[in-house]
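Let me begin by presenting the structure, written as structure tokens, before commenting on it.
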Amino acid sequence: MAQRWYVVHAYSGYENKVKKGLSEYIERAGLQDKFGEILVPSEEVVEIRDGKKRTSERKFFPGYVLVQMEMAEDSWHLVKSVPQVMGFIGGTSDRPAPISQKEVDRILQKVSDGVDKPRPKVIYEPGEMVRVIDGPFKDFEAVVEEIDYDKNKLQVSVLIFGRSTPVELEFTQVEKS
């Protein structure tokens, strides 16, 4: 029987504990051959706090853990017995349904994209006021004109001597005012 991906519902905030607990239970029960990867899909996000750039982790699906496994009576009971696990998502309570490989590939792609380039924790909107916190325009107020999330840059208008001047800044150089 082939291993498929299943979604396990965990208490929110306990996803990594469930992942660790599941690994320990699998090893203790000697069922390594029935399980593959255990994932808590997340991405790195960058935020500026107190003028310092900080990287943290944000989960794509809070409260969910992806488990690659062969669905059988023993493996099903093992997953259900792990603390902070509420059950499986999809299918029926006694016959969980796996998610498609296409869905798994999409999630894995999102995870690898997040590793390559951390996303900003703050989302900007055109027309929004921001305060410049770094560079030659430090302490100036600016209006967001365009946002480029791929390059982590903002096109803003800064009011200098009563005239609006377009300036390109990095996300790390501004904060919401």
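The mean sequence separation of alpha-carbon pairs under 8 Å and at least six residues apart, normalised by the residue count of the chain, gives a relative contact order of 22 percent. Its Cα gyration tensor gives segment 128-177 an equivalent ellipsoid; the semi-axes, largest first and in whole Å, are 16, 11, 9.
Report the gain in length on full extension from residue 150 to residue 73: 0.36 nm times residue separation, minus Cα-Cα distance, nm rounded to one decimal. The partial results should precede the final answer.
Values: separation 77, 0.36 × 77 = 27.72 nm, distance 4.54 nm.
That pair, residue 150 and residue 73, stretches by 23.2 nm at full extension.
Over segment 1-101, what is the relative contact order in whole percent, taking alpha-carbon pairs under 8 Å and six or more residues apart? Don't skip to the answer; put the middle values down first.
Values: 174 pairs, mean separation 44.4, N = 101.
It rounds to 44 percent for segment 1-101.
Report Rg(Cα)/(2.2 N^0.38 Å) for the chain, keeping two decimals. Mind dumping the intermediate values first?
Numbers: Rg = 22.3 Å, N = 177, 2.2 N^0.38 = 15.7 Å.
Ratio of Cα Rg to 2.2 N^0.38 Å: 1.42.
Put simply, the amide H of residue 140, placed in the peptide plane, has neighbours under 5 Å in 132, leaving out anything fewer than 5 places away on its chain. Residues considered: 72, 97, 142. Largest GNM mean-square fluctuation over the chain, using C-alpha springs under 10 Å, is found at 72. Sorting the Cα pairs of segment 32-85 by distance into bins of 5 Å, from 0 upward, gives 4, 15, 18, 18, 13, 10, 7, 6, 5, 2, 0 percent per bin. Placing one identical point scatterer on every Cα of segment 1-50 and ignoring solvent, what is log10 I(q)/I(0) from the Debye formula at q = 0.14, 0.15, 0.21 Å⁻¹? Results for segment 1-50 at q = 0.14, 0.15, 0.21 Å⁻¹ read -0.48, -0.54, -0.86.
Go ahead and set up a Gaussian network model of the chain, Cα springs under 10 Å, then flag whichever of 160, 38, 99 fluctuates most. In the Gaussian network model the winner is 160.
Throughout, read-outs are computed from the coordinates displayed, never taken from laboratory work. Source: prediction; values computed, not measured.
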